[in-house]
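Read the structure below first, then the notes.
The values are calculated or read from the model by the stated rules, or taken from the named source; none is laboratory data. In this text the structure is predicted, and so the values were computed from the model without any measurement. Cβ coordinates were reconstructed from backbone atoms using ideal geometry, including for glycine residues, and neighbour counts include every protein chain displayed. Keep in mind that these areas ignore ligands, DNA and RNA; they rest on the heavy atoms of the full protein, side chains included. Shrake-Rupley method; radii C 1.70, N 1.55, O 1.52, S 1.80 Å.
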Amino acid sequence: MRSAAAVFTCLALLCSTAESVSAQVTAFVGGRLIDGTGRVIENGTLVIDGTRIVAAGPAATTTVPAAATRVDVTGKTLLPGLINAHGHVAATTGLRSDPAAYTRDNLTRQLRTYAQYGITTVFSLGDDQAAGFDLRNEQSSGAVDRARLFVAGAVITGDTADAARANAIKVAEMKPDLLKIRVDDNLGTTRKMPEPAWRAVIDEAHRRNLKVAVHIYSLADARATLAGGADFIAHSVRDVPVDEGFIAAMKGRDVCYSPTLTREISTFIYDATPSWVDDPFFVKGVTPEIIAQLKDPKRQEQIRNGAGWKAGQQYKAGLEVAKRNLKRLVDGGVRIAFGTDTGPPARFQGFFEHLELEMMVEAGLTPMQALVSATGDAARCHQRAGQLGTLATGAAADLLILGANPLDNIRHTRSIEQVWINGRKIGS
């Protein structure tokens, strides 16, 4: 019998077990491969065996096993399943939060919504409870009919170093994939986590070989937590332009930056009917009740007159700073981890990920840069390089088959024809 440590190590490495789905060799031939690293193969072959990719390369030099089921994907584009490096599975029902809604069934529904939009892996950065950990643990069996999930546990809080360390220990003992802290005063409305407290969390996490993601708003807090050892910047700097010193510090430790641009629009866009509310690509992932609420003039008026409207306008202005900072960071060579902060109410899982890609391109990234951030670099940023996020030998067989080329237009990521997770076609 395996020890608990061995089982957890197996999970962390996404290994196949004796209980894995039975192996089946499938070869996708003739399609365009966008491999997640920036490489494109125009006439490629991708071979999967069970849960793993066993070959990926030009058709002329990639052997198709005799027993393989051949799938002709001529004219199609294949790319790795998209990875949300900062999302959430949450206690959300419709457009509201409900603590009682953090259930296995609700989380599974959310992960299946992610999957139908081609998001095959989600790193849930905070507010994760036992049901989320259970779903994470069950992935080691290999049979996955929903997006793959990794969890951070509860966001670590504490007004003192001792209190914060105690909370970090409590979460760490649940075996999360990383820890999460917030160093932000929410536009001056709450108390910011004191420096001794967040430093204690980082110290405790690193003693336990755990990485720490930090929620920030300002450049000053991003710079301070980075210097203090933070491993992942979980939102955009939204107050002032980033400077060369910050760029150099990020590159020096290869710390990743997750822009979450769509998080910002969720704070101000609902005072009117969003332009995409009747878009079939949006509609397929929500209920008619949600659409009706988003169109409701009375609800929109309440938002305009509500306490949060002023903050939303500040976040709206901050979004423009965030876009410029994203472009400057990319030009400076900082690694970007695609993320959206979806999961809370009105941050729509699946749809917002595609909207995020579009916003990244609007900010000045190329489609390829945006796609790499959502595949190979998202995996690397969470220590899963070689396991997820690339069409490469040994990686998990997570892939999308698109009807159009997203390098021509990033909106073509919406042309999803098939989603495969761990070697299984979702919906079949």
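Values as computed for the structure displayed
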{"quantity": "Volume per residue of the C-alpha convex hull in the range 24-96, rounded to whole Å³", "calculated": "147 Å³"}
{"quantity": "DSSP bridge orientation in the range 86-242 - percent antiparallel, rounded to nearest 5", "calculated": "15 percent"}
{"quantity": "Whole-Å semi-axes of the chain's equivalent ellipsoid (Cα gyration tensor)", "calculated": "33, 26, 22"}
{"quantity": "Whole-Å semi-axes of the range 248-318's equivalent ellipsoid (Cα gyration tensor)", "calculated": "31, 19, 8"}
{"quantity": "Solution diffusion estimate, µm²/s, Stokes-Einstein, the range 153-204, Kirkwood Rh from C-alpha pairs, 37 °C, viscosity 0.692 mPa s", "calculated": "298 µm²/s"}
{"quantity": "With every protein chain in place, the range 61-206: carbon and sulfur % of accessible area (1.4 Å)", "calculated": "50 percent"}
{"quantity": "10 Å-binned pair-distance histogram of the range 269-428 (Cα, whole percent)", "calculated": "9, 31, 35, 19, 5, 0"}
{"quantity": "Antiparallel DSSP beta bridges within the chain, as percent of all bridges there, nearest 5", "calculated": "55 percent"}
{"quantity": "Probe 1.4 Å - accessible area at His88, Å² to nearest ten", "calculated": "20 Å²"}
{"quantity": "Isotropic mean projected area of the C-alpha convex hull, the range 104-146 (nm²)", "calculated": "3.0 nm²"}
{"quantity": "Helix-only [θ]222 nm of the chain, DSSP H runs n ≥ 4, -39500 (n - 2.57) each, per residue, nearest 500", "calculated": "-10000 deg cm²/dmol"}
{"quantity": "Separation between Cα centres of the range 398-423 and the range 108-177, rounded to whole Å", "calculated": "26 Å"}
{"quantity": "At least 27 Å along the helix axis (C-alpha) and Kyte average at least -1.0, DSSP helices within the chain", "calculated": "309-331"}
{"quantity": "Rounded D (µm²/s) - the range 193-306, Kirkwood Rh over Cα pairs, Stokes-Einstein at 4 °C, 1.567 mPa s", "calculated": "76 µm²/s"}
{"quantity": "Cα centre as origin, Lys/Arg/Asp/Glu Cβ charges: the range 151-307 dipole, Debye", "calculated": "340 debye"}
{"quantity": "Set Lys180/Lys251; Lys76/Lys425; Lys298/Lys323; Lys327/Lys425 screened for pairs whose C-alpha atoms are more than 28 Å apart", "calculated": "Lys298/Lys323; Lys327/Lys425"}
{"quantity": "The range 128-281 - convex hull of the alpha-carbon atoms, volume per residue in Å³", "calculated": "163 Å³"}
{"quantity": "Nonlocal amide H pairs with Leu149, under 5 Å, H built at 1.01 Å", "calculated": "Val122"}
{"quantity": "Whole-number accessible area per residue in Å² for the range 299-416, which is evaluated in the context of all protein chains at 1.4 Å", "calculated": "35 Å²"}
{"quantity": "Centroid-to-centroid separation of the range 225-250 and the range 251-270 [C-alpha atoms, Å]", "calculated": "12 Å"}
{"quantity": "Net dipole in debye of the chain [+1 Lys, Arg Cβ; -1 Asp, Glu Cβ; about Cα centre; nearest 20]", "calculated": "220 debye"}
